[in-house]
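A short worksheet on the structure shown next.
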Amino acid sequence: MTIPINWYLLVAAGLFSIGLYGVLSRRNAIGILMGIELMLNAVNINLIAFWRYLDPVRMTGQVFAIFVFTVAAAEVAVGLALVIAIYRNRDTIVIEEIDLLKE
């Protein structure tokens, strides 16, 4: 018995919506990065679901998912490095309080 693709798409849409809400409602830079990660994981669920139900012979869905994992890891590393650098200079990670062009 296989689970219909609709269930995977609903879970991915819910996860993407939670991530989008986190990005739009958070003032903390770490919370925004976490929301972006949730959205990327929703994309991975969609990639694997479509691969499984449309063309399970080729490995394209899994390869794209691994690529998204790699991009997400690089995004987190760069994002956290920027947040740490900004925190050391400004003593805050609240997005509204970070004005890098003003001294």
Quiz item: Does any residue of the range 2-11 turn out to be of a type in the set (Phe, Trp, Tyr), at negative phi and either without any contact (Cβ under 8 Å) to a residue 40 or more places away in the chain or not in a helix (DSSP H, G or I) (or both)?
Solution: yes
Self-check item: Residue that is surrounded by the most Cβ atoms within 10 Å (Cβ to Cβ) [pool: residues in the range 62-103 that are part of a loop (DSSP other than H, G, I, E, B) and of a type outside the set (A, V, I, L, M, F, W, C)]
Solution: Thr92
Quiz item: Going through the range 7-33 one residue at a time, which ones are surrounded by fewer than 18 Cβ atoms within 10 Å (Cβ to Cβ) and touching a strand residue (DSSP E or B) at 6+ places or on another chain (Cβ under 9 Å)?
Solution: Arg27, Asn28
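Every number in this text was worked out from the coordinates using simple rules, so none of it is lab data. Fair warning: this is a prediction, and the values are worked out from it, not measured in the lab. Here the Cβ is made from the backbone with ideal geometry for all residues, glycine too, and neighbour counts use every protein chain on show.
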